[in-house]
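Derivation of every value follows stated rules applied to the coordinates shown; laboratory data play no part. The structure displayed is predicted, hence computed values, not measured ones. So basically every Cβ, Gly included, is an ideal-geometry build from the backbone, and we count neighbours across all protein chains shown.
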Amino acid sequence: MKFEIYKDKAGEFRFRIRATNGNVLASSEGYSAKASAQNAIDRIKSDAAGADVDDQT
């Protein structure tokens, strides 16, 4: 998996999580600063391992 940071058509920074097969697993909201997008990625990387699964089925 990898995170990709890109600029959208509106000029905002976004990121997506892409699987090794190329599929997009998740996309972010838009951020006005690239550093904000990077901070969100860093938070996900540090918090995801301990995240609970909330099965609402």
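Remarks
- Each residue of the stretch 33-46 was assigned a 3J(HN,Hα) from its phi angle through the Karplus curve 6.51 cos²θ - 1.76 cosθ + 1.60 (θ = phi - 60°); the sequence is 10, 4, 4, 5, 5, 5, 4, 5, 4, 4, 5, 4, 4, 7 Hz, with glycine and proline shown as x.
- Separation of the GLU4 and ALA49 label points, Cα + 7 Å toward Cβ, nm: 2.7
- Surface/4 estimate of mean projected area, convex hull on alpha-carbon atoms of the stretch 4-57, nm²: 5.0
- Remark: the GLN38-ASN21 segment gains 3.8 nm on full extension, using 0.36 nm per residue and subtracting the alpha carbon distance.
- Note on the chain: with charges restricted to the Cβ of Lys and Arg (+1) and Asp and Glu (-1), its dipole about the Cα centre is near 440 debye.
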